[in-house]
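Worksheet for the structure shown next.
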Amino acid sequence: MKTTLALILTTGILTCLSPLAAADLPQVDRSKPFHIDLWMGVPSKDALAKIGIDGSKNKLPSDPSSGWTFPWFIGAVQVGTEIRQPYALPYESWYTPHNQLQENDGNCPYAFFNFRQAKEDLQAFSCTITDAKISGNARVDLGGTQALSVAWEGTISGNSIRGKATMSLAEDRVLERPLVGVLRPTEPLDLRNAVYQIRFKGQVLVFEVRDGKAGQGSGRPWDPIGRPVAFGRLLPVDASQLTVTALPPEVRGVSVALAGIVQVDGKPLEIPTTVVLANGLAVGQATRGKMPGVEVQAYPLTDPVAARWRDWMGAIHAEGKPVDPALVQQAQDEAATIPALPAPSPATTFTHQHLEGRFIYAPWLPLSATAGAVKYRIELTPSHPPHSKPLVLEVAAAQSVDLRPVWAGMAPGNYALAITALDAGGAAIGTAQRSKLIKKVPFGSHPLTVIPDPIAMDLALRFPRYLADHQYAFHTLFREIDAAGENAVISKTIASICHSPWHLLTRWGTPAEQVRGRVLADYFTKVLQWDADQPLGIQQGYKAMYFGAAQDWGRAVLDDFAATKAEDRLALVRTAFDRLYRLQQPSGSWALMWDRTPWPKWSGAFTMWNTAWLDHNGAAYALPFGRYRNLSGDHRYLDAELKAVRWVLRNSLRTGYWETQAQQGDSNYNRPTAHTMALDFLLYLLEQAPADQADSVLAEDIMRYLEDQFITWDRVPAVSGGTMTDNGVLRLAIVSLLLHQRTGKPMHLAKAEALFNAYMINRDPVSGLTDMRWNRYMSEVDDPVYALRYVELRRQVLAEPTSSAVLGTTPLTLTLDRAAAGSERVRLHLDSRDGKVVQAIATTPTWQTLDIPFTTVSRRHQQDGETLFHAVDASGLKVGPHGIEGSVSVALAAPGGTPVPTVFNLTAAPGQRTLVGTWSQGTATGRVAGEGLRPSVAKPKHLHLQIAQAVAGGESWQNWALLRTNFQDGTATGAVICNTNAGWRATTTACDLRLGTDGTISGSLATDVRWIGFMDNNASDEAKTKEWKTGTLDWLAYWKLGGPGTGRGNEYEPGFRPLPWPEHTRIPGKDDKSTGQLEYSTTSKPVTPGTYRIVFASRRIGDLVAGTATVETPDGKKQVSQCFGSVE
């Protein structure tokens, strides 16, 4: 059989065939439409020299005619004997922000590539396939001094193509180049039979054209600047008056002209004459500040995603039902009574400066100290109708004022805020402090649309399916090119930003999609994103820098493992995580590091892309380390995981400062204006944390803060605070769903459904992409896994029984909000039997000695004298099915202080799967929240215990250690004592730990500790490179910042508020005129080497374990230390 479309003949050359790479994909049925993907590779030096060309002098940027050193994409769609949508053009790099040629003047479907030339005027194209042979030629004018002619000839085996191509240059020179190609199935586009989407004058219209005649459709409002659309229902569309006129054929295909009237909800909308190209795109011109012109996207009627546009729009825009009035009232009550902001303190006062003044929950406001003031008058004047007199509140002189007493009486809207200091006689002192405040509407004031199964799963799948068939279809070709021993990418600098659809189709797709997805998941994860020569093993780019190696890349590879169960994915993760594990700093987090060196190079600038501190948020690491542990059963990173958690508890949890960090955005770094890190921590607490760290109450509190700061409950809920790597909408929905699962509260489920529906509304109505126009920035912020995760989790949650644990029969936890030092939470861990508490301890996870309003590398995850838990006398508590009440005495020990018995009176009653009540202690009162836990693990397989002082000689952060061990038939196996990057290693020589049937864990462990020390940061680059590869020493961060020759970014962004302590009150090299620099190195001490014997005496409280570790040091001295952890 022979198929051809000959538009011009030029000479084709040569064939060769290498081993097949596409043989493991189903062979393309050539009787059906298929896509021909060809790649003309970079010419060899010998081929260039053969015709007298110096390949080092490329002129493509200045003369597109000289594009002989760049690879080319060549291709077309074959339908029967017809060739459609041909293209031939060189590309310069992968992953450009936009591809205007694809949108305006070309058929090449690969919008992720940089085509620097001004145009692609295809003058001739021919491609012929005969059995196992392919040949063809093309001539294209790229806007240079001459048109370029290319020809190709190759052999087809299965779906693979190998061969050679030639390029005709000036002076009758012919340049030989490699040719690789692949055939893949596709759905052809016929513009007279297609699904059309038009965006024009604030409307999105979708309808079908059949045999050149437009029909009925649906529409909705559209906001071109990205704000959520406001709508009540889908609008009926009648496009029957729209003409679709085929234009004269061109080499690149047949275009059509649209013109006429479209009736939208019975109102005429005139569509001016608009040419839709053969690729299905038409983009109108826009004037700055005005609505864009006509934008069009046409899709094949047979495209499996586009064909179901009616289903998509009908489900997403279905008329909602009013929220249950009881939930509406509950939302209003909680907004008026439960604080969302962390308690007032110097740290949170600093955070407050960066908030936008928009609140759902009653906030507190900082008061500036005024000499002579005995009280303050707060006036809130509404600026929205109906105007009324100011709401006035007077309070005694303090550092802050709580608006809960008046919040319920304030209608949502904008308020002018005036705070006036008053003297003893009530006279004003000075001028009032003026600002603005917005009270946002609580949840429940708009109808709620719930997208049911199975359409919800189909909607979630349309995103990865469309990516696989369109935006990322080139992965099939690139895999073929790699198999041929060629390099298609040129540079993988930002390859890791792409979110793979392949493992998602492997897990959730049809059988055919699973086969294709599994093959391409292997290529994407193991080849396209991996480079063992990089410091972290990940391709250079945003994800390779800093926390992204764990937060983004690591999560995606673990997603891949969850789908494919391929153990080699875990091996990749371990390679990167092993390197991160070596670099955890004494703060419990990681330091700012430049990744494009063969060893860890601490950034030589005070700010890197305006990053104004030197360590990262620990949440970005705790989540992937915890997830790896749960997926693999491997606890090797658990000490790093727990130290990262300690960082979050002592920093972000205390300050409310959930910041945007480097490469999460192009601006506004280090402001509490993003939710990415907080969402990481929420997912950790709810899904990955071991029993000693899991905390649903804390998760609810953080979620309440995120709702307060970043969610607006409009008809389409709006979510702000997104970053370049995470828009957060679906992760907020997933967290809400998990909170419903843990607490049983219908409110969380309703909020989850509202956010899921909002996400779908703000997608392209046909393809499910983030927008009709796709580019790299859209691909970064949204991973298609999240919608699938949401639907799968919802199925699981809704299928679970609604019953909860009965109080008095299982362990429970109670959180006493702001019970320690007026701002720190106290967690009571109780085990009760027959109405009495038989065992109890307390923890204060956020309490620490340092109280500075910002993160800094000078913090330590463990301080001298710090307690892991507090003793509790709970004999005064009564527990029963109706709640818990009575008194409890907690021996609260402030960090570094001595225990002080503190009596709290408690009362808490069950609510769904939670407990809700109050505590009092003298005149102080506060909120109690808790949960009845699931039954304890009957036969634990693993134990871990933090030991406050496991070794001697070092600083407190070095002497801390983690014991982790497995259990088999109650006996410990493989016990390890560890503390990464503390300068020492330990080898267990003996262990007789046992689990007692009475809940005790006892026994001893002997371990040999050796001091290895730290890398000298002043050593030569050669020495550092050698040591990094050898892996014998630990690495503490070192910075010498500011001053001459220290790199970029020594200035703050305009408007940045300096930090109120010496290291951060200046800009190095600018404000600090004395030295012009800031030098920082972490202090440490050598740990005493030798044999340590540790005797453990501890008990279980549910799955928690608390007790003592008596440590005998190598010199024979003994020290008693707390130990705390859990079993699983």
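The values are calculated or read from the model by the stated rules, or taken from the named source; none is laboratory data. This structure is a prediction, so every number in the text was calculated from the model and none was measured. Don't worry about glycine lacking a Cβ; one is built from the backbone with ideal geometry, like all the others, and counts go over all protein chains shown.
State the number of residues belonging to the stretch 335-364 that are surrounded by fewer than 19 Cβ atoms within 10 Å (Cβ to Cβ) and either aromatic (Phe, Trp, Tyr) or farther than 20 Å from Leu653 by Cβ (or both).
Here the count works out to 5.
Counting only residues that are assigned by TED's automatic domain parsing to the domain that holds Asn959, surrounded by 14 or more Cβ atoms within 10 Å (Cβ to Cβ) and modelled with pLDDT under 80, give me the strands (runs of 3 or more DSSP E) lying completely in the stretch 1024-1128 with at least 2 of them.
Numbers: elements: 1038-1041, 1078-1081, 1090-1101, 1104-1112, 1118-1127.
Ranges flagged: none.
From the set of residues in the stretch 773-792 that are part of a loop (DSSP other than H, G, I, E, B) and surrounded by fewer than 20 Cβ atoms within 10 Å (Cβ to Cβ), which is nearest to the chain's Cα centre (by Cα)?
Here is the first cut: in the stretch 773-792, the ones part of a loop (DSSP other than H, G, I, E, B) are 773-775, 782-784.
Still in the running and surrounded by fewer than 20 Cβ atoms within 10 Å (Cβ to Cβ): 773, 775.
Values: Arg773: 22, Asn775: 18 Å.
Among those residues, the one meeting the criterion is Asn775.
Since Thr849 meets every condition but one in (1) assigned to a strand (DSSP E or B); (2) at pLDDT below 85, which condition does it not meet?
Every listed condition holds for Thr849 apart from (1).
Of Pro322, Pro304, Pro272, which residue is in contact with a Pro (Cβ under 9 Å, 6 or more places away or on another chain) and not aliphatic (A, V, I, L, M)? Show your work before the answer.
On the way: Pro304 fails: in contact with a Pro (Cβ under 9 Å, 6 or more places away or on another chain); Pro272 fails: in contact with a Pro (Cβ under 9 Å, 6 or more places away or on another chain).
Checking each option against the conditions leaves just Pro322.
In the stretch 326-347, which residues are part of a helix (DSSP H, G or I) and either among the basic types (Lys, Arg) or under 16 Å from Lys745 (Cβ atoms) (or both)?
Filtering the stretch 326-347 down to residues part of a helix (DSSP H, G or I) leaves 326-337, 346-347.
Scanning the stretch 326-347 gives Ala326, Leu327, Val328, Gln329, Gln330, Ala331, Gln332, Asp333, Glu334, Ala335, Thr337.
Residues being closer than 27 Å to Leu995 by Cβ, buried (at least 22 other Cβ atoms within 10 Å of the Cβ) and over 32 Å from the mean Cα position of the chain (by Cα): count how many of those fall in the stretch 913-947.
Matching residues across the stretch 913-947 total 1.
Here is a list: Gly372, Gly293. Which entry is more than 30 Å from the chain's Cα centre (by Cα), closer than 19 Å to Lys201 by Cβ and either at pLDDT 95 or above or not β-branched (Val, Ile, Thr) (or both)? Write out each step before concluding.
Numbers: Gly372 fails: closer than 19 Å to Lys201 by Cβ.
Testing whether each residue is more than 30 Å from the chain's Cα centre (by Cα), closer than 19 Å to Lys201 by Cβ and either at pLDDT 95 or above or not β-branched (Val, Ile, Thr) (or both) leaves just Gly293.
Which number in (1) closer than 30 Å to Val1105 by Cα; (2) at pLDDT 95 or above; (3) touching a strand residue (DSSP E or B) at 6+ places or on another chain (Cβ under 8 Å) marks the one condition that Thr743 misses?
(2)
Asn959 passes all but one of (1) among the polar types (S, T, N, Q); (2) surrounded by 23 or more Cβ atoms within 10 Å (Cβ to Cβ); (3) closer than 29 Å to Thr813 by Cα; which number fails?
(3)
Residue check: is Lys32 basic (Lys, Arg) and modelled with pLDDT of 85 or more? Explain how you work it out, then say what you get.
Values: basic (Lys, Arg): yes; modelled with pLDDT of 85 or more: yes.
Judged against the criteria, Lys32 is a match.
All but one of (1) under 30 Å from Asp24 (Cβ atoms); (2) aliphatic (A, V, I, L, M); (3) in contact (Cβ under 8 Å) with a residue 60 or more places away in the chain hold for Leu148; which doesn't?
(1)
From the list Thr673, Thr712, which one is of a type outside the set (Phe, Trp, Tyr) and farther than 19 Å from Pro442 by Cα?
Numbers: Thr712 fails: farther than 19 Å from Pro442 by Cα.
Residue meeting the stated conditions: Thr673.
Residue by residue, here is whether (1) under 30 Å from Gln330 (Cα atoms); (2) part of a strand (DSSP E or B); (3) in contact (Cβ under 8 Å) with a residue 40 or more places away in the chain; (4) of a type outside the set (Gly, Ala, Ser) holds:
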site	(1), (2), (3), (4)
Ile429	no, yes, yes, yes
Leu437	yes, yes, yes, yes
Asp458	no, no, yes, yes
Leu461	no, no, yes, yes
His470	no, no, yes, yes
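Residues checked against (1) in a strand (DSSP E or B); (2) modelled with pLDDT of 95 or more; (3) of a type in the set (Val, Ile, Thr); (4) touching a helix residue (DSSP H, G or I) at 6+ places or on another chain (Cβ under 9 Å):
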{"residue": "Gly143", "(1), (2), (3), (4)": "no, no, no, yes"}
{"residue": "Gln146", "(1), (2), (3), (4)": "no, no, no, yes"}
{"residue": "Ser149", "(1), (2), (3), (4)": "yes, no, no, no"}
{"residue": "Ile161", "(1), (2), (3), (4)": "yes, yes, yes, yes"}
{"residue": "Leu183", "(1), (2), (3), (4)": "yes, yes, no, no"}
{"residue": "Glu187", "(1), (2), (3), (4)": "no, yes, no, yes"}
{"residue": "Tyr196", "(1), (2), (3), (4)": "yes, yes, no, no"}
{"residue": "Leu205", "(1), (2), (3), (4)": "yes, yes, no, no"}
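Only residues that are small (Gly, Ala, Ser), surrounded by fewer than 22 Cβ atoms within 10 Å (Cβ to Cβ) and without any contact (Cβ under 8 Å) to a residue 60 or more places away in the chain: list them for the stretch 722-764, please. Don't jump to the end; show me each part of the working.
The initial filter retains those residues of the stretch 722-764 that are small (Gly, Ala, Ser), namely 722, 728, 733, 736, 744, 750, 752, 754, 758.
Okay, now just the ones that are also surrounded by fewer than 22 Cβ atoms within 10 Å (Cβ to Cβ), so 722, 744, 750.
Hit for the stretch 722-764 is Gly722, nothing else.
Within the group Gly143, Gly158, which residue is farther than 21 Å from Asn279 by Cβ, surrounded by fewer than 22 Cβ atoms within 10 Å (Cβ to Cβ), within 42 Å of the chain's Cα centre (by Cα) and in contact (Cβ under 8 Å) with a residue 12 or more places away in the chain?
Values: Gly143 fails: farther than 21 Å from Asn279 by Cβ.
Exactly one of Gly143, Gly158 is farther than 21 Å from Asn279 by Cβ, surrounded by fewer than 22 Cβ atoms within 10 Å (Cβ to Cβ), within 42 Å of the chain's Cα centre (by Cα) and in contact (Cβ under 8 Å) with a residue 12 or more places away in the chain, namely Gly158.
Just to be sure before I move on: is Thr128 over 20 Å from Val766 (Cβ atoms), in a loop (DSSP other than H, G, I, E, B) and in the same structural domain as Tyr91 (by TED's automatic domain parsing) in the structure I sent?
Values: over 20 Å from Val766 (Cβ atoms): yes; in a loop (DSSP other than H, G, I, E, B): no; in the same structural domain as Tyr91 (by TED's automatic domain parsing): yes.
Taking the combined requirement at face value, the residue does not satisfy it.
When the residues of the stretch 757-785 are filtered to those that are modelled with pLDDT of 90 or more and touching a strand residue (DSSP E or B) at 6+ places or on another chain (Cβ under 7 Å), which remaining residue is nearest to Glu208 (Cα to Cα)?
Per the stated criteria, the residue is Val766.
Would you confirm whether or not the stretch 553-566 contains a residue that is of a type in the set (Lys, Arg), more than 19 Å from the chain's Cα centre (by Cα), in a helix (DSSP H, G or I) and closer than 28 Å to Trp508 by Cβ?
As a first pass, look at the stretch 553-566 and keep what is of a type in the set (Lys, Arg): 555, 565.
With the extra rule that they be more than 19 Å from the chain's Cα centre (by Cα), the set shrinks to 565.
So of that shortlist, the ones also in a helix (DSSP H, G or I) come out as none.
Looking for residues that are of a type in the set (Lys, Arg), more than 19 Å from the chain's Cα centre (by Cα), in a helix (DSSP H, G or I) and closer than 28 Å to Trp508 by Cβ, one finds none in the stretch 553-566, hence no.
Residues in the stretch 594-604 that are at pLDDT 65 or above and of a type in the set (A, V, I, L, M, F, W, C): how many?
2
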